[in-house]
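One structure below.
The values are calculated or read from the model by the stated rules, or taken from the named source; none is laboratory data. Predicted model only: the values in this text are computed from it and were never measured. Note: ideal-geometry Cβ built from the backbone for every residue, glycine included; neighbour counts use all protein chains shown. Note: areas computed on protein heavy atoms with side chains; ligands, DNA, RNA excluded. Shrake-Rupley method; radii C 1.70, N 1.55, O 1.52, S 1.80 Å.
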Amino acid sequence: ILQLNYRIDILLLEKMRDATEVGIYSIGASIAEQIWQLPLAIGIVVFSRTANAEDHKEMTETTGVLLRLSFLFSIGIALLMFAVVPFLVPLIFGDEYIPSIRIIQLILPGIIMVVMFRILSGHLAGMGRPEITLYVFLPALILNVMLNLLWIPEYGGEGAAMATNISYTAGSIGYLIVYSRILRVPVKDILIVKKNDFARVRELINGLRK
């Protein structure tokens, strides 16, 4: 289900537009998705630590800290990427890929929202609840397909990027709400940055080193 959410836009573009537009969109989406590398690694760590944790309340607090700081970090990287891709894309890929710049910039909001899911899903999966992803992202996939069918014929790759944004955002917010109810933690307590978050991360890093 997740892989279809990530790739259904490309499959539909192949059916409804030409190969050039598929290539332009694929490059743009692949570059934007590099933002996921750190959250993906953190999600794996959260999964492992949750599966072995004895104090689940402490693990929930740790996951919240990692989510908040990863979210801030990803927003910063996204802003930097938004600013530099107009210069880097032509330099690395050539002038024929200049249209990919618009795709990257359009899809960044959805990419940032998935950062939230990447980390929270590691926690629930570590608790033995991986099926939550299926329940939340299946409706998001259906929404993604519908919007792609509606927008690709008229807007091409940009329409696919907008559909992806909405699908990713809907799925990630839905997952956040379900996570909040399962763990009985208010959404605001999960998302609002606290003064001691950075200190908690330093403690976690020192613990991992030991």
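Quick rundown of the values:
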| read-out | value |
| --- | --- |
| Under 17 Å from the MET16 label point (7 Å along Cα→beta-carbon), backbone N, segment 73-104 | 103 |
| Gain on full stretching of the segment that runs from GLN37 to LEU2 - 0.36 nm per residue minus C-alpha separation | 11.0 nm |
| Computed helical MRE - 222 nm, the chain, DSSP H runs ≥ 4 contributing -39500 (n - 2.57), nearest 500 | -29500 deg cm²/dmol |
| In degrees, nearest ten, helix 157-183 long axis to first principal axis of the chain (Cα) | 10 degrees |
| Solvent-accessible area per residue for the chain (1.4 angstrom probe, square angstrom) | 52 Å² |
| Dipole moment magnitude, nearest 20 debye, the chain about Cα centre, only Lys, Arg, Asp, Glu C-beta charged | 920 debye |
| Under Karplus coefficients 6.51, -1.76 and 1.60, residue-wise ³J(HN,Hα) of segment 128-142 in Hz, glycine/proline x | x, 10, x, 5, 4, 4, 4, 4, 7, 8, 5, x, 5, 5, 4 |
| Nearest-10 value in Å² for the accessible area of PHE198, using the 1.4 Å probe | 120 Å² |
| Helix axis angle, 99-126 relative to the chain longest principal axis, alpha carbon, degrees | 30 degrees |
| Solvent-accessible surface (1.4 angstrom probe) belonging to LEU150, in square angstrom, nearest 10 | 110 Å² |
| Nonlocal Lys pairs with alpha-carbon distance under 27 Å, the chain (8 or more apart, or different chains) | 6 |
| Relative contact order for segment 1-123, counting Cα pairs under 8 Å that sit 6 or more residues apart, in percent | 41 percent |
| Protein accessible area in segment 1-132, 1.4 Å probe - carbon and sulfur % | 65 percent |
| Calculated Rg and Dmax of the chain using C-alpha coordinates, Å | 18.2, 56 |
| Degrees between helix 197-209 axis and first principal axis of the chain (Cα, 0 to 90, nearest 10) | 80 degrees |
| Selection from GLY43, TYR135, VAL187 lying farthest towards where the dipole of the chain points positive, charges on Cβ | VAL187 |
